[in-house]
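Only one structure is covered here, and it is reproduced in the block below.
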Amino acid sequence: MRKDADIAGGAEPTVRLLPLDTENRLENLSSMKIAVPVFENRISPRFDFAPGFGLYDVEDERITSSREISCEGWSDVERVARLKGFAVDVLICGGLPGYLQNILMNSGIKVIPWIAGNVSDALSLFLRGQLISGMVICPGRGKRSRCKR
């Protein structure tokens, strides 16, 4: 199940249920580009304040290349425009304002928000079709759990 939250104005998150297959997998994982806002080796808690993005090329359900891009000083709109310019298909991120999520989705970028944890763990879960919006990836405990809101 997917939780989409619009945090603008302090509104309570709204819940929208989608079929599991649209949440976890894209139809074609044979070739895509994934972006993750990063802070050190973790997913940045906020898309709009992340100091950089990891860009990951996927071929045949495996990451074939990666690079990190600094985005310090970029505005919200510039972040979206740059992701579009990099031909990003999927954004895995922590929190982001609802209006940015809408702009990203209307730009053809699939957004998986409210993810917390290590970047490589999140990418592995995504490629296996197991990454769910709101997931907290808990290293060391052998568990993966959902955020409780």
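Around Ser65, what is the net charge, scoring Lys/Arg as +1 and Asp/Glu as -1 over all other residues with Cβ under 15 Å from its Cβ?
-3
What is the extension gain from Ile69 to Lys33, computed as 0.36 nm multiplied by their sequence separation minus the C-alpha to C-alpha distance, in nm to one decimal?
Gain on extension, Ile69 to Lys33, equals 11.6 nm.
Which order do the peptides 85-97, 67-79 take when ranked by the mean count of other beta-carbon atoms within 10 Å per residue, highest first?
85-97, 67-79
Amide H of Leu91: which non-local residues (sequence gap of 5 or more, or other chain) have their own amide H closer than 5 Å, using H built in the peptide plane?
Ala35, Lys110, Val111, Ile112
Please give the net charge around Lys33, taking every other residue with its beta carbon less than 10 angstrom from that of Lys33, where Lys and Arg add +1 and Asp and Glu add -1.
-2
Once R0 is set to 30 Å, what does the formula 1/(1 + (r/R0)^6) return for the Cβ-Cβ distance between Val136 and Arg62, expressed as a FRET efficiency to the nearest 0.05?
Using R0 = 30 Å, I get an efficiency of 0.75.
Taking the Cβ of Val88 as the centre, find all other residues whose Cβ is under 13 Å away and add up their charges (Lys, Arg: +1; Asp, Glu: -1).
Summing Lys and Arg as +1 and Asp and Glu as -1 gives +4.
No value in this document is a laboratory result; all are computed from the given coordinates. Predicted model, so just to flag it, every value in this text is computed and none were measured. Positions of Cβ are generated from backbone atoms using ideal geometry, with glycine treated the same way; all protein chains shown enter the neighbour counts.
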